[in-house]
1. Looking at (1) farther than 27 Å from residue 211 by Cα; (2) surrounded by 21 or more Cβ atoms within 10 Å (Cβ to Cβ), can you tell me which one residue 236 breaks?
2. Against the definition (within 30 Å of residue 237 (Cβ to Cβ), in contact with a Lys or Arg (Cβ under 8 Å, 6 or more places away or on another chain) and either acidic (Asp, Glu) or open to solvent by 40 Å² or more (accessible area, probe 1.4 Å) (or both)), how does residue 57 come out, yes or no?
3. Please verify whether residue 12 is among the β-branched types (Val, Ile, Thr), within 29 Å of residue 237 (Cα to Cα) and crowded, with 19+ Cβ neighbours inside 10 Å, treating the condition exactly as stated.
4. Sort through 311, 239 and tell me the only one that's touching a helix residue (DSSP H, G or I) at 6+ places or on another chain (Cβ under 9 Å), over 17 Å from residue 36 (Cβ atoms) and of a type outside the set (Ser, Thr, Tyr).
5. Applying the selection to segment 237-258, what residues are of a type outside the set (S, T, N, Q), under 15 Å from residue 15 (Cβ atoms) and not in a loop (DSSP other than H, G, I, E, B)?
6. Go through segment 277-313 and give me each residue that's among the small types (Gly, Ala, Ser), more than 18 Å from the chain's Cα centre (by Cα) and open to solvent by less than 50 Å² (accessible area, probe 1.4 Å).
7. Is one or more of the residues making up segment 213-226 aliphatic (A, V, I, L, M) and out of contact with any strand residue (DSSP E or B) (no Cβ under 6 Å at 6 or more places or on another chain)?
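The values are calculated or read from the model by the stated rules, or taken from the named source; none is laboratory data. Because the structure is predicted, anything quoted here is derived from the model rather than measured. Reconstructed Cβ throughout: ideal geometry from the backbone, glycine too, with neighbour counts over all protein chains shown. Surface areas here come from the heavy atoms of the whole protein model, side chains and all, with no ligands, DNA or RNA. Shrake-Rupley method; radii C 1.70, N 1.55, O 1.52, S 1.80 Å.
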Amino acid sequence: MAELLVSAPAKINLHLEVLGLRPDGFHELAMVMQTIDLADSLSLRPTADGAIRLQCDRADLPTDSSNLIVRAGELLRARTGLPELGAAITLEKRIPIGAGLAGGSSNGAAALVGLNELWGCGFSRDQLHAMAAELGSDMPFCLDGGTQLCFGRGEVLEPVARSAGLASGGSATTADRSGTDAPALGVLLVKHPDSSVSTPWAYGRCRELRGDFYLSSEADFEQRRAALRRGPLLAALAGGAAWPPIRNDLQAVVEPEVASVREGLALLRRAGDALAVAMSGSGPSLFALFPDQAAAEAARQSLAADLEAAGFEAWSCRFTGSGVSLGA
């Protein structure tokens, strides 16, 4: 195989609720995540020298073993027991770095899928999911993508299209985890290139400010999961209800302290036909939802001068129904 291309799409959070602390020290979350068509591209070629080499068109992105692409390759190779396996990987970045869009996690998931194919490892989707969960909380979602409820640290997935049948509790079966058809919604995504938010800081700040309200029992956690499954957000995604305000508990603590987040949200809220406006993940990326991509692009153009004057980068995107995929 001369070369293999893999597409690694970004995600946004349509709901991010911090429920409490888990015994392992991580936060217990209830989220709805959505894949969008802004994507990085990985090009992979096999080598037989036992080296995993990564190149990137962004000089500010590390390409050593701190990068999830390299770590994913090392983990996959270790599971094969074939240390001579190697790869030359080129990453073309389109997703902004450190933006709350799971770009790094999606890259790592793309490496798992791509190298599994390139090396002929034959690992099943279940096995890839298990490896993804070892590497990062968002990586299992990035494998499948679409519109999914994400629980636990984010690694327990329930496709939204099947969630109604799960309202009494429990998670989707392995066979049910693939990405689902996405609503035909458009996204105006903005980020200030000089702005960054530390995810550990955001969760730590959330614990400081909201820790008194954290839930502590599995029964309480499940009650909140069930409420999300039955709530107005999923009804809106199904096209049967108006869009509710998007809940992001991290936005509630980040927005007051990060000027670019406040300014970007204020600009997006000026797009009067937006269905909803919110921050993604721990930020600092921000988005507005529209009935379709044409409306998102029209909003981008109408706000272009103000966004440029404030230093924001902007993309018009759309929802997609799958995660990482072979071919770019």
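1. (2)
2. Values: within 30 Å of residue 237 (Cβ to Cβ): no; in contact with a Lys or Arg (Cβ under 8 Å, 6 or more places away or on another chain): yes; either acidic (Asp, Glu) or open to solvent by 40 Å² or more (accessible area, probe 1.4 Å) (or both): yes.
The answer is no for residue 57.
3. Details: among the β-branched types (Val, Ile, Thr): yes; within 29 Å of residue 237 (Cα to Cα): yes; crowded, with 19+ Cβ neighbours inside 10 Å: yes.
In short, yes.
4. Values: 239 fails: touching a helix residue (DSSP H, G or I) at 6+ places or on another chain (Cβ under 9 Å).
Sole residue among the options that is touching a helix residue (DSSP H, G or I) at 6+ places or on another chain (Cβ under 9 Å), over 17 Å from residue 36 (Cβ atoms) and of a type outside the set (Ser, Thr, Tyr): 311.
5. So the first thing to find is which residues in segment 237-258 are of a type outside the set (S, T, N, Q), and the list is 237-247, 249-250, 252-258.
Add one more test, that the residue is under 15 Å from residue 15 (Cβ atoms), and what stays is 237-238, 241, 243-247, 249-250, 252.
Those that are of a type outside the set (S, T, N, Q), under 15 Å from residue 15 (Cβ atoms) and not in a loop (DSSP other than H, G, I, E, B): 237, 249, 250, 252.
6. Listed by number, the residues that qualify are 295, 296, 299, 304, 310, 311.
7. Here is the first cut: in segment 213-226, the ones aliphatic (A, V, I, L, M) are 215, 219, 226.
If we keep only those that are out of contact with any strand residue (DSSP E or B) (no Cβ under 6 Å at 6 or more places or on another chain) too, we end up with 219, 226.
Yes, segment 213-226 contains a residue that is aliphatic (A, V, I, L, M) and out of contact with any strand residue (DSSP E or B) (no Cβ under 6 Å at 6 or more places or on another chain).
Okay, residues lined up against (1) part of a strand (DSSP E or B); (2) not small (Gly, Ala, Ser):
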site: 15; (1), (2): yes, yes
site: 39; (1), (2): yes, no
site: 76; (1), (2): no, yes
site: 79; (1), (2): no, yes
